[in-house]
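Each reported figure results from applying straightforward, stated rules to the coordinates on display, with no laboratory input. It should be emphasised that the depicted structure is a prediction, and the values quoted were computed from it without experimental measurement. In this analysis, Cβ positions are derived from the backbone assuming ideal geometry, glycine residues included, and neighbour counts consider all displayed protein chains.
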Amino acid sequence: EKRINFLHIPKTAGTTIHKLLQDNFDKTEFYSYRKVVDRNNINFCNGDDAKLLPTFPKITKKVVSGHFPMWFFEAKDPDYDRSYFFVVLR
């Protein structure tokens, strides 16, 4: 089984996709990145949070959904080359 990585680009219906993933997978299968730091939403798009990279654990869960750049997965996903990635573009 491949890991599912959803790269949520802001304002592209990502919340809807995230909810669909939640409806089809157990919550224990999600990479819980929001619990790593005391913020409601980590947004790497502005580049300010890249310094937080060491605080994030390796990805071991089946589903990842969030505002992550590709370099985040290269650094944190040991199965990067075998994972399934998708994104919604508008």
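Distance between the 7 Å Cα→Cβ label points at L20 and M70: 2.2 nm.
Taking Lys and Arg as +1 and Asp and Glu as -1, the other residues whose beta-carbon sits under 13 Å from that of M70 total -2. Shown in residue order for the stretch 65-73 are the 3J(HN,Hα) couplings computed by the Karplus curve 6.51 cos²θ - 1.76 cosθ + 1.60 at θ = phi - 60°: 9, x, 7, 10, x, 4, 4, 4, 5 Hz (x for Gly and Pro).
Karplus-derived 3J(HN,Hα) values for the stretch 54-61, using 6.51 cos²θ - 1.76 cosθ + 1.60 with θ = phi - 60°, are x, 7, 8, x, 4, 7, 10, 7 Hz; glycine and proline are entered as x. The 3J(HN,Hα) values that the Karplus relation (6.51, -1.76, 1.60; θ = phi - 60°) gives for the stretch 78-90 are, in residue order, x, 9, 3, 6, 10, 8, 9, 10, 8, 8, 9, 10, 10 Hz. Gly and Pro appear as x. In this label model, T28 and S83 are separated by 2.2 nm, measuring between points 7 Å along each Cα→Cβ vector.
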